[in-house]
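Written out below as structure tokens is the structure these notes cover.
The values are calculated or read from the model by the stated rules, or taken from the named source; none is laboratory data. In this text, all values refer to a predicted model and were calculated from it rather than measured experimentally. Note that we place each Cβ from the backbone using ideal geometry, even for glycine, and neighbour counts take in every protein chain shown.
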Amino acid sequence: MQTRKKETTSLTLMNDSMLSTRHSCSLTQPYAGPDAGHGAGDENDLHGQGVALVEVVKPELKHPRRYQVVILNDDYTPMEFVIEVLLRFFGLNADAATQLMLQVHHHGRAGVGSYSKDVAETKAAMVVEYAQQHEHPLLCQAEPML
Ligand code: TYC
């Protein structure tokens, strides 16, 4: 994910050859190029020779938000089926899957893993679909973290 800082970090003079897409910059006014015919009066073309005043904007990188896959308790899905789901879709071993199933059984819900948004939503949908194919009401959802 890339957002752009609002403040201008510097003002820089650039000539035509520097105004390529490889530079992260934006003109203070739309740049018409050296032959646009505005003469010395163009605000960006200070010398009338294709030299432009540009804002250099620093890109700000942020990690994308993680999503937790949450399994919910119900009164009907067999415990063995929940354990099988945890083994099959979340790569847990039998001990960890049993502990997590009991956690959900006693406390109502538990997070079973954190993923990117797409992966979490896909896993949750796959679990619900798998449960429905086996006629169990097991619910599973993706939730944004923090
Ligand atoms: N509560 C269920 C039962 O007693 C077991 C269960 C555990 C169901 C976890 C769903 O996510 C769940 N059969």
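Out of the residues in segment 127-146 that are of a type in the set (S, T, N, Q) and surrounded by 11 or more Cβ atoms within 10 Å (Cβ to Cβ), state the one that is nearest to the ligand (Cβ to nearest atom).
At the first step, the residues of segment 127-146 found to be of a type in the set (S, T, N, Q) are 132-133, 141.
Still in the list and also surrounded by 11 or more Cβ atoms within 10 Å (Cβ to Cβ): 132, 141.
Values: GLN132: 14, GLN141: 11 Å.
Selected residue: GLN141.
Determine, yes or no, whether GLU84 is surrounded by 15 or more Cβ atoms within 10 Å (Cβ to Cβ), at pLDDT 95 or above and either of a type in the set (D, E, K, R) or touching an Asp or Glu at 6+ places or on another chain (Cβ under 7 Å) (or both).
Working: surrounded by 15 or more Cβ atoms within 10 Å (Cβ to Cβ): yes; at pLDDT 95 or above: yes; either of a type in the set (D, E, K, R) or touching an Asp or Glu at 6+ places or on another chain (Cβ under 7 Å) (or both): yes.
Yes; evaluated as a whole, the condition is true for this residue.
Name the pairs: first residue in segment 99-111 and closer than 11 Å to LEU72 by Cβ and touching a residue at least 12 places away in the same chain (Cβ under 8 Å), second residue small (Gly, Ala, Ser) and not in a helix (DSSP H, G or I), Cβ to Cβ under 6 Å, at least 6 apart or on different chains?
VAL104/ALA110
Please find, within segment 36-73, the residue that is surrounded by the fewest Cβ atoms within 10 Å (Cβ to Cβ) out of those that are modelled with pLDDT under 70 and among the acidic types (Asp, Glu).
Filtering segment 36-73 for residues modelled with pLDDT under 70 gives 36-49.
Imposing the further condition that a residue be among the acidic types (Asp, Glu) reduces the set to 42-43, 45.
Numbers: ASP42: 18, GLU43: 11, ASP45: 21.
By that ranking, first place goes to GLU43.
I'm trying to understand the selection: among the residues of segment 101-121, which are more than 8 Å from the ligand (Cβ to nearest atom) and within 19 Å of HIS134 (Cβ to Cβ)?
VAL112, the sole residue that qualifies.
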